[in-house]
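Working notes, structure below.
Bear in mind these aren't lab numbers, they're just calculated from the coordinates by the rules spelled out. All values reported here derive from a predicted model rather than from experimental measurement. Please note: Cβ atoms are built from the backbone with ideal geometry, for glycine as well, and neighbour counts cover all protein chains shown.
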Amino acid sequence: MVVIVGAGASFVGISAVHPPTAATASTGSVAPAADPPAFNMRKYTLDAPSSRWVVVDKLRPLNPRKYEPSDLVRVSIPRTFSATIRREANTALTLMNKEFVQSHPKYGLVVHSGYRSYATQKAVWDGDYTLTALPGYSEHQTGWAVDLAGKNGKCAIYECFANTTEGKWLAANSYKYGFILRYPKGMQNVTGYQFEPWHYRYVGTLLSIEMHNRNIKTLEQFFGLPNAPKYGVGGH
């Protein structure tokens, strides 16, 4: 590393910034940087419904099935209904929307759905196993998931949302705020659900950035869990 000091362009060499160690003084070479620590796959549990890394799919129902988060707050960005999500996810969502609007002043994100209770999920389940989860099997019940759209309402809860300004920005940038696109295109055999470009899941930046850097699209693949195209024992 070379540091330029002032307009006179004097220079400070790397040895001035990092004095040579005994290992490098005799040769003048710089020791290689230490490898970064390995990613801790067990930092958070995948099973407890309160965990930001909980994996919920057709083979992994919530336990208990009627779990209710204890820290729900009303979402701080525009919403179509009185949506709530978990406090940590709301903080990240608020920042994500703020920075999206700063770069796209004519646009903005809207929450169509956040937390849904067991009873609510039972009421909204439409019989389509590839679009709607059974109660007790829904990410929305964890309080970590949101369905997003643009404030203009274009392609809300439709696949064409992926081609909107909001959809493209979310797909490219949501990982910076701790969110992942939970049901990517072409992954129905893994997740059990059709492409849902509006459904984002908060997992925290530690995991979202790691998944982005390794180009791994689903939680099942990242954690080496079985594909979940169909419900297991106790499901349908």
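Observations on the structure shown:
- Full-extension gain in nm, A48 to R65, via 0.36 nm per residue minus C-alpha separation: 5.0 nm
- Rounded tilt (10° steps) of 205-214 against the dominant C-alpha axis of the chain: 80
- Fewest-first sequence of V190, V233, V203, V124 by Cβ atoms within 10 Å of each Cβ: V233, V124, V190, V203
- Nonlocal amide H pairs with L46, under 5 Å, H built at 1.01 Å: none
- Exposure proxy shown here: for L59, L148, L109, the number of other Cβ atoms within 10 Å sets the order, fewest to most, as L59, L109, L148.
- Value in Å of the Kirkwood radius, where region 90-133 supplies the Cα pairs that are averaged: 12.9
- Evaluated with a Cβ-only charge set (Lys, Arg +1; Asp, Glu -1), the chain carries a dipole of roughly 360 debye about its Cα centre, given to the nearest 20.
- Table column - 3J(HN,Hα) (Hz), region 45-61, Karplus curve with 6.51, -1.76, 1.60, x for Gly and Pro: 5, 8, 9, 5, x, 7, 6, 5, 9, 4, 9, 10, 8, 6, 9, 10, x
- From least to most packed, judged by other beta carbons within 10 angstrom and beginning with the fewest, T84, T94 follow the order T94, T84.
- Computed from the Cα positions only, the extents of the chain along the three principal axes stand at 72, 44, 34 Å, in decreasing order.
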